[in-house]
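My questions all concern the structure below.
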There are 2 protein chains.
Amino acid sequence: MADAEIIAVGSELLTPDRIDTNSLWLTAQLNELGVEVRRKVVVGDDRELLAAAVCQSLSEVSIVILSGGLGPTEDDITREAVSQALGRPLVFRQDLLDALTGRFERLQRKMADNNRRQTFVIEGAEPLPNGRGTAAGQWFESNGKVVMLLPGPPHELQAMFTGECMPRLRRKLPPQVIRTRFYRVAGMGESDLDQLISPVYKPYANPTTTILAGAGDIQIHLRAHAETEPEANALLDAVGPPIEKLLGDRIYSRNGASLEEVVGEQLRARRATLSVAESCSGGLLGGRITSVRGSSDYFAGGFLVYTDRMKTELLGVTPELLAEHTAVSEECARAMAEGARLRTGSTFAVSVTGEAGPESQTGAPVGTVIIGYAAPGVEPQAKRYLLFGDRNGVRARAAQWALDELRRKLL
Amino acid sequence: MADAEIIAVGSELLTPDRIDTNSLWLTAQLNELGVEVRRKVVVGDDRELLAAAVCQSLSEVSIVILSGGLGPTEDDITREAVSQALGRPLVFRQDLLDALTGRFERLQRKMADNNRRQTFVIEGAEPLPNGRGTAAGQWFESNGKVVMLLPGPPHELQAMFTGECMPRLRRKLPPQVIRTRFYRVAGMGESDLDQLISPVYKPYANPTTTILAGAGDIQIHLRAHAETEPEANALLDAVGPPIEKLLGDRIYSRNGASLEEVVGEQLRARRATLSVAESCSGGLLGGRITSVRGSSDYFAGGFLVYTDRMKTELLGVTPELLAEHTAVSEECARAMAEGARLRTGSTFAVSVTGEAGPESQTGAPVGTVIIGYAAPGVEPQAKRYLLFGDRNGVRARAAQWALDELRRKLL
């Protein structure tokens, strides 16, 4: 089994405020290939120290991955440090300069002089194109050892590793079968879920079961290692189906699709449209729905109605209703959903109102969130929840619960 | 100046799911004492590898802090590894055994045999009492170097470091202060900014200057070390004010406040209200504005108008305007802002329309974003930008640019 070390570069990662998270994502990818991470290092923008770290890693493992320090500025020293560690000079690449110049021309910007630093590659290394930024990566391979230089911004690093490094590593590494199953679950707390399913997975060391949770979105990963695919699948079958049975329609995705993508597909399949009316979530629900490409096919529009007056003027929630029930009520949530539906002409509408805190405006406990729902031919509905978290935790969960509520209605 | 390295021990910290956060807290404490962290390392439960890491750190810095691996089980190898690295045996301590036995008696539990592992200390080291767990820490000092062994659970580590290590370090270290300045900048690319200000900060090693960038938000950190506060401030004055002069009103915050907080304060100071009309950003702008507590004081409401029809029905953008200029036009952005302002009765309104991609709907290049602005007594205005990034990068920058546009109008 090949081992890897990950070196994150950047003085900001040695301050109290910033942490290297790229290594977590990289570790997950490496594990997929059967590669274990043996050590992780964070070094600042210090060429000598970084060169020493690279030398040490190369003496210990066969795969060394560096993230960060490939930018255009003087304190981006990864290229120079690795060049020094490998004892190979940096060479200018006209093709990289052409690509960079083209990129700036397309964006109608002037390229800064210091961007030329990004056109140098370690002698013998292959440049890795970066579709999302100016920093090309590098792949260097010699004597069975691999060194990868990747950009620091996570979306650049991830695209480059997936597109360029994974295929190269797969060709290089002995075949090993890892099969996974993956479930995404909404509308449950992490401990409730674990209490429910742990009797199923606990007896098994293979597959491994990992549960990750954040703001009301839970991911369950099963990973089985075996010599052949049928063996790996048999291992997964001992754990996966019983978990699916226990969770039922709480599972919203088995392929990694996000909740907003799942809901989008449901709407598209019905040729239906959706509108939203958001109070405490203030745009987060609309933001998630429209993060999906092609969402203009089904997203009609929405209303951010943060004040009582706006609920009345934009959505027709009557002042009498608000006076009698307050804005944090099932009555208001229903009227908001119905108002959004009528005013946009959408097939469905979802509304969110609640107390995100830190103080309660209506007397309802902070964390109270009410999700309203309007659809053709039925009375508007509403459901009350008490959600965990600080202000932004409650807001994020409110958007999550609203999407999941809609998903279950559309099943 | 004293430097430190932090070594986190534990194989779980080399999985995709767990991250060492103790080092962030420790870094903040060390910085208070004028100590910089030079390198951070994570190693698994591997005695040889850990011993090698300790040897290397001792050759580089004068303070080495280890966290984790002090538990009672066989895979807790920090004591043995450091003993090996220092070439000093572990010695049994009756006082530690008495303390441990007493602890278990008070909790009316039986002490497991392997807890005896926790009663051994490196020869010459001082045990550090742990009021919150069974793992004693250790303080070893020799030839001006210090090695600390601390438990992994954050509440144990923090109590021990604060109560035992900080006082010892204060006695040992020369008095020293670190002072920082901090700027947040919007509306500029990272390379453009660096090219502008690097002639100012480059000549100085103290203060250090760090530039961090993400989705159109740039942070500049200056950190000065000195023996006294006036000296540290004098060092900062050589770099901070010239940078402020070059960047002018591109700097939106000097205290870490976010752009949405700064805009909120501007609106509050004017007793003004704001509404938004979002097309391609789909709620991200409203979501950011309402992430600030108390934003209901100034946020009137908003419209998510994803389709041409909604722009017409909800905001009164005429079909003729859309037919002639398309939705991605200055004309449409102005009409959206004015429509939002009229329909909510807000003092100001900001609109966002554009092409987030992946395909262009109107023929304008992907990345085109137009920000509209409406205010009392002036004609509505609009400004066109071409922004970097994939779909969600363009959307995030669109919200950032809109907030910054508003901030500059309100100056």
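No lab work stands behind these numbers, since they all come straight from the coordinates. Note that the structure is predicted; figures quoted are calculated from it, not measured. Please note: Cβ atoms are built from the backbone with ideal geometry, for glycine as well, and neighbour counts cover all protein chains shown.
Kindly flag which residue pairs out of B:Lys40/B:Lys145; A:Lys202/A:Lys245; B:Lys311/B:Lys383; B:Lys383/B:Lys409; A:Lys311/B:Lys383 have an alpha-carbon separation exceeding 21 Å in this structure.
Result: A:Lys311/B:Lys383 exceed 21 Å.
Among rounded, prolate and oblate, which fits the range B:139-179 when a ≥ b ≥ c are the square roots of the eigenvalues of its C-alpha gyration tensor, a/c under 1.5 means rounded, and a/b larger than b/c means prolate?
It is oblate, given that a/c is not under 1.5 and a/b is not larger than b/c.
Specify the inter-centroid distance of the range A:326-370 and the range B:172-231, based on alpha-carbon positions, in whole Å.
For the range A:326-370 versus the range B:172-231, the Cα centre distance is 45 Å.
Right, here's the next one. Quick query: amide H of B:Gly354 versus all other amide H atoms, modeled in the peptide plane; which residues come in under 5 Å with a sequence gap of 5 or more or a different chain?
When sequence neighbours closer than 5 places are left aside, the close amide H contacts are B:Cys280, B:Ile370.
How would you classify the range A:259-409 from its alpha-carbon gyration tensor, with a ≥ b ≥ c the square roots of the eigenvalues: rounded for a/c under 1.5, else prolate if a/b is greater than b/c, otherwise oblate?
Oblate, because a/c is 1.5 or more while a/b does not exceed b/c.
Moving on. When only Cα pairs under 8 Å and 6 or more residues apart are kept, what is the percent relative contact order across chain B?
Value for chain B: 10 percent.
Related question: With charges set only on the Cβ (+1 for Lys and Arg, -1 for Asp and Glu), what does the dipole of the range B:3-172 come to about its Cα centre, in debye to the nearest 20?
Computed about the Cα centre, the dipole is about 480 debye.
Can you give me the long-range amide H partners of B:Ile122? Hydrogens built in the peptide plane at 1.01 Å from N, cutoff under 5 Å, separation of 5 or more residues or another chain.
For B:Ile122, whose amide H was placed from the backbone, the distant partners under 5 Å are B:Val91.
State the answer as a single residue: which of B:Ala399, B:Gly354, B:Gly377 lies farthest towards the positive end of the charge dipole of the protein assembly as shown, with beta carbon charges of +1 for Lys and Arg and -1 for Asp and Glu, about the Cα centre.
B:Gly377
As a test of the formula, what do you get for chain A when each DSSP H run with n ≥ 4 contributes -39,500 (n - 2.57) and the sum is divided by the residue count, at 222 nm and rounded to the nearest 500 deg cm²/dmol?
Only helices count here, giving -11500 deg cm²/dmol.
Provide, for q = 0.13, 0.20 Å⁻¹, the log10 of I(q)/I(0) from a solvent-free Debye sum over equal Cα point scatterers in the range A:177-253.
So the normalised log intensities work out to -0.36, -0.81.
Using each residue's phi in the range B:47-53, evaluate 6.51 cos²θ - 1.76 cosθ + 1.60 at θ = phi - 60° and report the 3J(HN,Hα) Karplus result to the nearest Hz, with x for Gly and Pro.
4, 5, 5, 5, 4, 5, 5
Give me the mean projected area, in nm² to one decimal, of the convex hull enclosing the Cα positions of chain B. Walk me through the intermediate numbers first.
On the way: hull surface 104.8 nm².
Its average projected convex-hull area is 26.2 nm².
Another question, if that's okay. If you place +1 on the Cβ of every Lys and Arg and -1 on the Cβ of every Asp and Glu, how big does the dipole about the Cα centre of the protein assembly as shown come out, in debye to the nearest 20?
Around 780 debye, computed over the protein assembly as shown.
If we hang a label 7 Å off Cα along the beta carbon direction at A:Ile251, how far is it from the matching labels on the other copies, in nm, shortest first?
With the label placed 7 Å along Cα→Cβ, A:Ile251 yields 5.5 nm.
With θ taken as phi - 60° and the coefficients 6.51, -1.76 and 1.60, list the Karplus ³J(HN,Hα) couplings across the range B:90-101 in order, rounded to whole Hz; mark glycine and proline as x.
Along the range B:90-101, the couplings run 7, 10, 6, 10, 4, 4, 5, 5, 4, 5, 5, 4 Hz.
From the label point of A:Gln195, set 7 Å from Cα along Cα→Cβ, how far away are the matching label points in the other copies, in nm, ordered shortest to longest?
6.0
Through the Karplus equation 6.51 cos²θ - 1.76 cosθ + 1.60, θ set to phi - 60°, convert the phi angles of the range A:161-169 into ³J(HN,Hα) values in whole Hz; use x for Gly and Pro.
Karplus-based 3J(HN,Hα) across the range A:161-169 equals 5, 5, x, 10, 7, 4, x, 5, 5 Hz.
Where the label is 7 Å out from Cα toward Cβ, how close does A:Pro365 come to the same position in every other copy, in nm, shortest first?
5.4
Something else now. Charges only on Cβ, +1 for Lys and Arg, -1 for Asp and Glu: so what's the dipole of the range B:257-299 about the Cα centre, in debye to the nearest 20? Write out the running numbers ahead of the final one.
Numbers: 5 positive and 5 negative charges, 27 e Å.
So the dipole magnitude of the range B:257-299 works out to roughly 140 debye.
Using only the Cα atoms of the range B:3-172, each taken as one equal point scatterer with no solvent, compute I(q) by the Debye sum, divide by I(0), and report log10 of the ratio at q = 0.13, 0.20 Å⁻¹.
Results for the range B:3-172 at q = 0.13, 0.20 Å⁻¹ read -0.59, -1.44.
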